[in-house]
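Undergrad: Mind looking over this structure? Questions follow.
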Amino acid sequence: QVQLVESGGGLVQAGGSLRLSCAASGSIFSINAMGWYRQAPGKQRELVAAITSGGSTNYADSVKGRFTISRDNAKNTVYLQMNSLKPEETAVYYCNARSATACGIGDCWGQGTQVTVSS
(Lines give C-alpha, C1' and ligand atoms only; values in the text may rest on other atoms or scores of the structure.)
Protein backbone atom coordinates (compact mmCIF):
# COMPACT_ATOMS: atom_id res chain seq x y z
CA GLN A 1 0.00 0.00 0.00
CA VAL A 2 0.98 3.61 -0.58
CA GLN A 3 0.09 6.45 1.74
CA LEU A 4 0.19 10.06 0.60
CA VAL A 5 0.18 13.16 2.78
CA GLU A 6 -0.22 16.61 1.26
CA SER A 7 0.75 19.92 2.78
CA GLY A 8 1.24 23.51 1.74
CA GLY A 9 -2.27 24.61 0.88
CA GLY A 10 -3.72 27.83 2.11
CA LEU A 11 -5.11 31.21 1.19
CA VAL A 12 -3.34 33.35 -1.37
CA GLN A 13 -4.24 36.42 -3.37
CA ALA A 14 -4.58 36.28 -7.12
CA GLY A 15 -1.15 36.42 -8.68
CA GLY A 16 0.48 34.86 -5.66
CA SER A 17 2.30 31.59 -5.25
CA LEU A 18 2.06 28.41 -3.22
CA ARG A 19 4.20 25.31 -3.00
CA LEU A 20 2.45 22.02 -2.31
CA SER A 21 4.24 18.96 -1.01
CA CYS A 22 3.26 15.31 -1.10
CA ALA A 23 5.16 12.76 0.94
CA ALA A 24 4.74 9.13 -0.04
CA SER A 25 5.27 6.16 2.21
CA GLY A 26 4.66 2.44 2.09
CA SER A 27 5.24 0.47 -1.08
CA ILE A 28 6.96 3.34 -2.83
CA PHE A 29 8.94 0.99 -5.04
CA SER A 30 5.73 0.19 -6.88
CA ILE A 31 4.93 3.79 -7.87
CA ASN A 32 5.14 4.46 -11.59
CA ALA A 33 4.03 8.06 -11.55
CA MET A 34 2.81 10.76 -9.22
CA GLY A 35 0.78 13.84 -9.81
CA TRP A 36 -1.54 16.52 -8.61
CA TYR A 37 -5.25 16.78 -9.25
CA ARG A 38 -7.72 19.38 -8.15
CA GLN A 39 -11.45 19.42 -7.57
CA ALA A 40 -13.55 22.53 -7.20
CA PRO A 41 -17.10 22.46 -5.81
CA GLY A 42 -19.53 21.18 -8.41
CA LYS A 43 -16.76 20.08 -10.75
CA GLN A 44 -15.01 16.83 -11.47
CA ARG A 45 -11.49 16.12 -10.37
CA GLU A 46 -9.00 17.12 -13.02
CA LEU A 47 -5.33 16.50 -13.64
CA VAL A 48 -3.08 19.46 -12.95
CA ALA A 49 0.39 17.99 -13.36
CA ALA A 50 2.09 14.62 -13.30
CA ILE A 51 5.59 13.21 -13.29
CA THR A 52 6.59 9.67 -14.21
CA SER A 53 9.23 7.52 -12.62
CA GLY A 54 11.41 8.37 -15.60
CA GLY A 55 11.07 12.09 -15.01
CA SER A 56 8.68 12.98 -17.82
CA THR A 57 6.15 15.65 -16.91
CA ASN A 58 2.68 16.53 -18.11
CA TYR A 59 0.66 19.63 -17.37
CA ALA A 60 -2.84 20.79 -17.95
CA ASP A 61 -2.80 23.41 -20.67
CA SER A 62 -4.23 25.96 -18.28
CA VAL A 63 -1.23 25.77 -15.94
CA LYS A 64 1.65 25.45 -18.38
CA GLY A 65 4.29 28.05 -17.76
CA ARG A 66 3.00 28.81 -14.28
CA PHE A 67 3.12 25.50 -12.40
CA THR A 68 6.10 23.20 -11.99
CA ILE A 69 6.01 19.65 -10.70
CA SER A 70 9.21 18.20 -9.28
CA ARG A 71 10.34 15.37 -7.07
CA ASP A 72 12.95 14.47 -4.52
CA ASN A 73 13.44 10.74 -4.82
CA ALA A 74 15.53 10.53 -1.67
CA LYS A 75 12.67 12.01 0.32
CA ASN A 76 9.90 10.25 -1.62
CA THR A 77 8.29 13.63 -2.04
CA VAL A 78 6.67 15.40 -4.97
CA TYR A 79 6.20 19.15 -5.10
CA LEU A 80 3.96 21.46 -7.04
CA GLN A 81 5.14 25.03 -7.35
CA MET A 82 2.18 27.19 -8.32
CA ASN A 83 2.82 30.72 -9.52
CA SER A 84 0.50 33.45 -10.76
CA LEU A 85 -2.49 31.76 -9.19
CA LYS A 86 -5.96 32.62 -10.43
CA PRO A 87 -9.23 32.68 -8.47
CA GLU A 88 -10.71 29.97 -10.68
CA GLU A 89 -7.98 27.65 -9.45
CA THR A 90 -9.51 27.57 -5.99
CA ALA A 91 -9.99 23.88 -5.24
CA VAL A 92 -8.97 20.97 -3.10
CA TYR A 93 -5.69 19.70 -4.48
CA TYR A 94 -5.03 15.99 -4.22
CA CYS A 95 -1.79 14.10 -4.51
CA ASN A 96 -1.95 10.99 -6.67
CA ALA A 97 0.31 7.99 -7.04
CA ARG A 98 -0.05 5.33 -9.69
CA SER A 99 0.76 1.77 -8.72
CA ALA A 100 -0.63 -1.37 -10.28
CA THR A 101 0.01 -3.44 -7.16
CA ALA A 102 -0.42 -1.08 -4.22
CA CYS A 103 -3.37 1.06 -5.24
CA GLY A 104 -6.96 0.17 -5.90
CA ILE A 105 -7.72 0.44 -9.63
CA GLY A 106 -4.16 1.66 -9.99
CA ASP A 107 -4.35 4.98 -8.13
CA CYS A 108 -3.69 6.06 -4.57
CA TRP A 109 -4.87 9.40 -3.23
CA GLY A 110 -3.97 11.75 -0.44
CA GLN A 111 -6.51 13.46 1.76
CA GLY A 112 -6.33 16.72 -0.15
CA THR A 113 -5.25 20.22 0.75
CA GLN A 114 -7.37 23.31 0.24
CA VAL A 115 -6.07 26.06 -2.00
CA THR A 116 -8.06 29.27 -2.00
CA VAL A 117 -7.18 32.09 -4.36
CA SER A 118 -8.86 35.38 -3.58
CA SER A 119 -9.59 38.00 -6.20
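The values are calculated or read from the model by the stated rules, or taken from the named source; none is laboratory data. This structure is a prediction, so every number in the text was calculated from the model and none was measured. Here Cβ is always computed from backbone atoms with ideal geometry, including for glycine, and neighbour counts include all displayed protein chains. These accessible areas exclude ligands, DNA and RNA; they are computed on the full protein's heavy atoms, side chains included. Shrake-Rupley method; radii C 1.70, N 1.55, O 1.52, S 1.80 Å.
Undergrad: Leaving out same-chain residues fewer than 8 places away, which lysines sit with a Cα under 25 Å from that of K43?
TA: List returned: K64, K86.
Undergrad: In whole percent, what relative contact order does the chain give with Cα contacts below 8 Å and a gap of six or more residues?
TA: That works out to 37 percent.
Undergrad: So for the pair Q81, A23, with labels modelled 7 Å out along Cα→Cβ, what separation do we get in nm?
TA: 2.2 nm
Undergrad: Please list E46, E6, E88 in order of solvent-accessible area, largest first, computed with a 1.4 Å probe with all protein chains present.
TA: Greatest to least solvent exposure: E88, E46, E6.
Undergrad: Can you divide the C-alpha Rg of segment 44-110 by 2.2 N^0.38 Å and report the result to two decimal places?
TA: Rounded to two decimals, the normalised Rg is 1.17.
Undergrad: Please report, to one decimal in angstroms, the Kirkwood hydrodynamic radius of the chain built from all distinct Cα-Cα pairs.
TA: 14.2 Å
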